[in-house]
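The values are calculated or read from the model by the stated rules, or taken from the named source; none is laboratory data. Because the structure is a prediction, the values reported are computed rather than measured. Note that each Cβ is placed from the backbone with ideal geometry, even for glycine, and that neighbours are counted across all protein chains shown.
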Amino acid sequence: MNGTEIGYVLYNVYVSKSSTLYIGQFMVYPLHRRKGYFKIMLEETRKIAKSLGCPTMTLSVGSIDETEDFLFNLYKRYGFSELKGNWMQATTRVINDNTLEKDTKGTPREDSPRKP
């Protein structure tokens, strides 16, 4: 984008038995949404996590710009699985078409209606 800022990702790494990259904030600015930048930014974040030795990435879904349903579906499309509450998790392994491999180890998220 010729040096144009399209968004940002803020993350922390938690080291324990299995290091995890926690995505604290993931933002594609409104002017640049629905143009494929989310996928590019998520793939770069996955590469960073993998280079830091983190086999998983986690995040909590919430936004003032988009509904939680939209965000849950978006992250699921890129390999995240739902955990309890508003939490989601994905492994940093790549499968076909550079999408993240789904993690089947997490606790399933409780089915409850989300507020739009």
(Q) Please go through region 3-23 and give me each residue that is assigned to a loop (DSSP other than H, G, I, E, B) and either among the hydroxyl-bearing types (Ser, Thr, Tyr) or surrounded by fewer than 16 Cβ atoms within 10 Å (Cβ to Cβ) (or both), ordered by number. (A) Gly3, Thr4, Glu5, Val15, Ser16, Lys17, Ser18, Ser19
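Quick one: how many residues across region 35-54 are outside any helix (DSSP H, G or I) and either over 16 Å from the mean Cα position of the chain (by Cα) or touching a residue at least 40 places away in the same chain (Cβ under 8 Å) (or both)?
Going through region 35-54 one residue at a time, the tally reaches 4.
Using the structure shown, decide if Lys102 is touching a Phe, Trp or Tyr at 6+ places or on another chain (Cβ under 9 Å), farther than 26 Å from Thr4 by Cβ and modelled with pLDDT under 90.
yes
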Q | The one condition in (1) assigned to a loop (DSSP other than H, G, I, E, B); (2) modelled with pLDDT of 90 or more; (3) within 29 Å of Asn2 (Cβ to Cβ) that Ile64 fails to fulfil | A | (2)
Q: Report the residue count in region 33-54 for those that are surrounded by 14 or more Cβ atoms within 10 Å (Cβ to Cβ) and charged (D, E, K, R).
A: 5
Q | Scope region 55-71; condition crowded, with 18+ Cβ neighbours inside 10 Å and touching a residue at least 12 places away in the same chain (Cβ under 8 Å); matching residues | A | Thr56, Met57, Thr58, Leu59, Val61
